[in-house]
Amino acid sequence: MSRPLRPRRLAAFRTVAAAGLGLAWAGSPGPSFAAPAFHDITASSGVDFVHANGATGEKNYYEVMGSGACVLDYDGDGRLDLYLVTSHGPNRLYRNLGGLRFEDVTDAAGLGDDGYGMGAVAADVDNDGDADLYVTNFGANRLYENLGDGTFRELASGAGVADSLWGCGAAFFDNDRDGLLDLYLVNYVHVAVPDTIDCFMKTGHELYCSPRAYPRAKDAFFRNLGALRFEDVTAAVRLDGYRGRGLGVVATDFDRDGWVDVYVANDLDANFLFRNRGDGTFEEIGMMIGVSHSEDGVEESGMGIAVGDYDNDGWLDLFVTNYINETNTLYHNEGTGYFFDESATSGLGPVSLPWLSWGTHFLDYDRDGWLDLLHVNGHTESEASLADPTTTWAQRDFVFRNNGDGSFVDVTAEVAPTLLEQRPARGAAFADLDDDGDIEVLVNNQNGPALLLECRGAENRHWIGFRTVGTRSNRDGVGAYVEVHAGSDRFVREVRAGGSFLSGNDPRVLVALGDRTAVDSVTVHWPSGTRTVHRSPEIDRYHRLEEE
């Protein structure tokens, strides 16, 4: 689909050119901070997690993907805790003690799952007021019920959501508005144990195979029946006929019709957008609306997903991370039912070509009212330089500042120099861990220590945040669409459970207000179809918004 260039695209092209030359364009504002915005606090935080994939040197394909991370308030004390997934050894839970200090409470909580871990997502699946946890594995997945006393019990098999395939991304949402959170599970490919397919270079070096060497696995959709029971209704909701090498997934209402849709990032397959028809079933429309392929019509290697209204036009846009020599893709939501590929004009596409990207998120690190973007990188091949001498297994990460004109500029060196250090990153989770109005970043690095970054430096700019509590809707308010009105400006956010790459983010919504000193109103569109309006809420704090 083609259309005339908007005026803002001309500015975007100049920004891309300047960024490519390592120059600053005079028309683009520089970073707002004299000091970096993100600081490495891993050592002082008490988070001593080290990921392992258990690689044997046999190049088993399941070694390349994991793993993710998740944030949840497991003990109900109002502070968000950390859960990190590994593929060799038990996963770990870290309790938030306040002051960005954490302690390992895995054993006491009963969350040391020792499956071959991929990802995790938290949600209150039984509407009892506390966060349950779903863990995806290469093999049987796990569902941990929160017992409300700081401990969990595992019941995936009895609940009907164990699945036995290669589970990757997962997202909870209420598909049919019955007040119960359903589950979309992304499965990747079929691989034997041990991997029986070998791939060699002409030099005789064995490398990991392409995903196209393996048959696609089928995703699954589970309807929540209540009482911690789920039913596989993949066929009944018309999802059974689709196969893609799926990795990332996000559930969001892209067309704002009040019904939550599902987007799946597939690896070397067309991405899927399953539109919710409002009758409990879905239809796949990714190619028709422009989010299945690259701008050139190429099937890319979708990994992670970020959703956010980066241009403040009231419509949720889509960013997908991809493989080396594929641009990361920014799909702009036109508000007409279609998306337009803005990867090149935004400046996010060209700079991503040399990198293999995973976890990602839209976040306003400088609180200027425009959503910025962060993504982390790392190669799948532990001996990447054998196949391509220009690349490495460990890679740098990126922070992009939103210029407010549809374009972004790489500001990693100025605001997060620690991310220039090369690491083999995979999943990333994003949350305001100290409740000060900006987002911390937790990165799970393959076969290495996790990285925890504190965001600070924008204290002179205002913000407001919300925790939604459903009554007729699901307890977490997952799927709620929140509009914040401040003068002539409007900011939209959405409550989600699952995103990034194999990870789960802050269950609250956060809006940076820049220099705005007041909020006129907040409107919440609840999953049940009801709407509540809150007048003149106090800024620079979080609010509990309960469905009436």
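The values are calculated or read from the model by the stated rules, or taken from the named source; none is laboratory data. Bear in mind that the values here come from a model prediction, so they are computed numbers and not experimental data. Neighbour counts are summed over all protein chains in view; Cβ atoms, including those assigned to glycine, are modelled from backbone coordinates with ideal geometry. Keep in mind that these areas ignore ligands, DNA and RNA; they rest on the heavy atoms of the full protein, side chains included. Shrake-Rupley method; radii C 1.70, N 1.55, O 1.52, S 1.80 Å.
How do 332-338, 299-305 rank on mean C-beta neighbours within 10 Å, highest first? Before the final figure, lay out each step's value.
Working: 332-338: 16.6, 299-305: 26.1.
Ranking the peptides 332-338, 299-305 by packing returns 299-305, 332-338.
Explain nothing, just the number: relative contact order of region 49-105, from Cα pairs under 8 Å at least 6 residues apart, as a whole percent. Could the numbers behind the result be given before it?
Numbers: 87 pairs, mean separation 15.9, N = 57.
Normalised by residue count, the contact order of region 49-105 is 28 percent.
If all Cα-Cα distances of region 386-453 are sorted into 5 Å bins from 0 onward, what percent lands in each bin, rounded to whole numbers?
The calculated distribution, bin by bin, is 4, 14, 19, 21, 21, 13, 5, 2, 1, 0.
Can you give me the % of accessible surface on the chain that is carbon or sulfur? Probe 1.4 Å, all protein chains present, nothing else counted.
On the way: 9500 of 19050 Å².
Carbon and sulfur atoms account for 50 percent of the accessible area of the chain.
Mind checking which of Ile324, Leu348, Thr360 is farthest towards the positive end of region 306-381's charge dipole, using Cβ charges of +1 (Lys, Arg) and -1 (Asp, Glu) about the Cα centre?
Of the listed residues, the answer is Ile324.
Starting from region 442-546, pick out the GluC sites (Glu not before Pro) whose DSSP state is loop and whose Cβ has at most 13 other Cβ atoms within 10 Å. Intermediate results must be reported in sequence, preceding the final value.
Values: sites: Glu454, Glu459, Glu483, Glu494, Glu538, Glu546; in loops: Glu459, Glu538.
Here the GluC sites (Glu not before Pro) that fit, given the DSSP loop and packing criteria, are Glu459, Glu538.
Over region 262-338, what is the relative contact order in whole percent, taking alpha-carbon pairs under 8 Å and six or more residues apart? It would help to have the intermediate numbers written out before the result.
Working: 142 pairs, mean separation 18.2, N = 77.
Relative contact order, region 262-338: 24 percent.
Please list Lys202, Lys59 from largest to smallest accessible area, probe radius 1.4 Å, with all protein chains kept in place. Could you put the intermediate results ahead of the total?
Numbers: Lys202 215, Lys59 20 Å².
Ranked list, largest accessible area first: Lys202, Lys59.
Please report the net charge: other residues with Cβ closer than 15 Å to the Cβ of Arg142, K and R +1, D and E -1.
-4
For the chain, with every protein chain kept in place, what is the accessible area per residue (1.4 Å probe, Å²)? Could you put the intermediate results ahead of the total?
Details: 19050 Å² over 548 residues.
Heavy-atom SASA per residue in the chain reads 35 Å².
Before rounding to the nearest 500, sum -39500 (n - 2.57) across all DSSP H runs of length at least 4 in the chain and divide by the residue total; then give [θ] at 222 nm in deg cm²/dmol. Can you show the working numbers first?
Values: 8 runs with 42 residues, N = 548.
Taking each H run of at least 4 residues, the total per residue is -1500 deg cm²/dmol.
Looking only at Cβ-Cβ distances, which cysteines of the chain have no other cysteine closer than 4.7 Å?
Cys70, Cys168, Cys455
Taking Cα centroids, how far is region 54-73 from region 182-223 in Å?
Using only Cα atoms, the two centres lie 13 Å from each other.
Here are labelled values, [x] 25.7, 84; [y] 21.5, 68; [z] 24.0, 72, and one is the computed Rg and Dmax of the Cα atoms in Å for what I pasted. Which one?
Among [x] 25.7, 84; [y] 21.5, 68; [z] 24.0, 72, the one calculated here is [y].
Can you tell me the Rg and Dmax of region 59-165, counting just the alpha carbons, in angstroms?
Here Rg and the maximum Cα pair distance are 13.6, 44 Å.
Roughly how big is region 313-381's charge dipole about its Cα centre, with Cβ charges of +1 (Lys, Arg) and -1 (Asp, Glu), in debye to the nearest 20?
Values: 1 positive and 11 negative charges, 34 e Å.
Once rounded to the nearest 20, the dipole reads 160 debye.
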